[in-house]
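Have a look at the structure below, then the notes.
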């Protein structure tokens with residue numbers, strides 16, 4: 001009974017991670033963020049990011065500003081809920097970024113130093129499993145679950161209501177519509193036993209951007225940006241795991257009043273560690289950095305992330321109360 005409760009509770013705490021990959025501040029989607037759990041689970045994350053580089057970390061287009069240094073402190077919070085749709089696993093989530101970003105140097109050729117703080121653009125996310133086991137609707141489903149080869153359809157959409165000042169080139173909000181389409185893949189390697197689980201995870205995705213018609217009185221346009229995230233994960237103990245992370249950005253060429261701001265063709269590498277603190281609380285820490293970033297026009301970005309996620313499920317909480325005799 002205790003093992004069952006712990007397994008189901010930890011799974012509930014992990015479900016919100018799918019939503020976090022939607023955020024523009026992330027150099028890549030963290031590992032194990034699209035693992036499935038019991039339908040009807042909910043979770044709330046608190047995420048801390050410290051990021052620096054030559055592009056605004058709040059902007060998912062990663063428009064490189066050669067000769068400029070950006071530093072950002074970002075906090076994110078939100079809510080995610082899993083449910084069953086057409087007998088398949090699905091999830092809906094919302095994440096709200098907030099924080100402070102500063103830049104020194106030349107930003108879009110207009111300014112030598114700016115700071116912006118407040119709230120960024122909220123992100124809505126929906127995922128739907130199309131290949132793999134059916135949704136987990138009961139405790140026996142959770143105990144029997146093995147992902148095998150699993151693939152989802154992912155849709156992200158940002159609401160352009162974040163902090164934006166048209167007189168500044170540096171903002172937390174982006175003043176335009178944008179979103180992402182992707183196919184999260186989890187491939188189980190070997191036995192699905194806590195302490196021995198190994199996965200290869202891939203996320204090919206495309207970011208799509210609307211037009212900002214008031215970028216300091218000018219027009220900012222961005223072509224689609226393609227991104228591939230890859231993770232090799234391994235349990236180190238039944239409650240502790242690690243991952244090697246790799247990301248590749250391609251395209252996303254931006255123009256300001258028709259003048260090119262460059263395209264991306266960059267690779268990043270990272271390490272992530274996760275720990276299940278208890279049946280409801282999960283924690284991850286990670287560091288990521290771009291590799292081929294020596295040229296002034298290359299994307300240069302690195303960051304540290306600390307995530308705490310509290311998850312729960314009415315069925316699991318009820319079983320726990322029964323066990324304690326409440």
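Hey, which of the strands (runs of 3 or more DSSP E) in the stretch 126-192, taking only ones fully inside, have at least 1 residues that are within 21 Å of residue 39 (Cα to Cα) and in contact with a strand residue (DSSP E or B) (Cβ under 7 Å, 6 or more places away or on another chain)?
Working: elements: 149-158, 178-182, 185-188.
Those strands (runs of 3 or more DSSP E) span 149-158, 185-188.
Does the stretch 139-155 contain at least one residue that is under 24 Å from the mean Cα position of the chain (by Cα) and within 17 Å of residue 56 (Cβ to Cβ)? No, the stretch 139-155 contains no residue that is under 24 Å from the mean Cα position of the chain (by Cα) and within 17 Å of residue 56 (Cβ to Cβ). Just to be sure, is residue 7 at pLDDT below 90, more than 15 Å from the chain's Cα centre (by Cα), in a loop (DSSP other than H, G, I, E, B) and within 25 Å of residue 195 (Cβ to Cβ)? When the stated conditions are applied, residue 7 does not pass them.
Please go through the stretch 36-72 and give me each residue that is assigned to a loop (DSSP other than H, G, I, E, B) and closer than 22 Å to residue 96 by Cβ, ordered by number. Steps first, please.
At the first step, the residues of the stretch 36-72 found to be assigned to a loop (DSSP other than H, G, I, E, B) are 36-37, 39-41, 54-68.
Result: 41, 55, 56, 57, 58, 59, 60, 61, 62.
Taking strands (runs of 3 or more DSSP E) as the structural unit, those lying wholly within the stretch 219-326 and holding at least 2 residues that are touching a helix residue (DSSP H, G or I) at 6+ places or on another chain (Cβ under 9 Å) and over 26 Å from residue 181 (Cβ atoms) correspond to 264-276, 281-290, 301-312.
The values are calculated or read from the model by the stated rules, or taken from the named source; none is laboratory data. Quantities reported herein were computed from a predicted structural model and do not represent experimental measurements. So basically every Cβ, Gly included, is an ideal-geometry build from the backbone, and we count neighbours across all protein chains shown.
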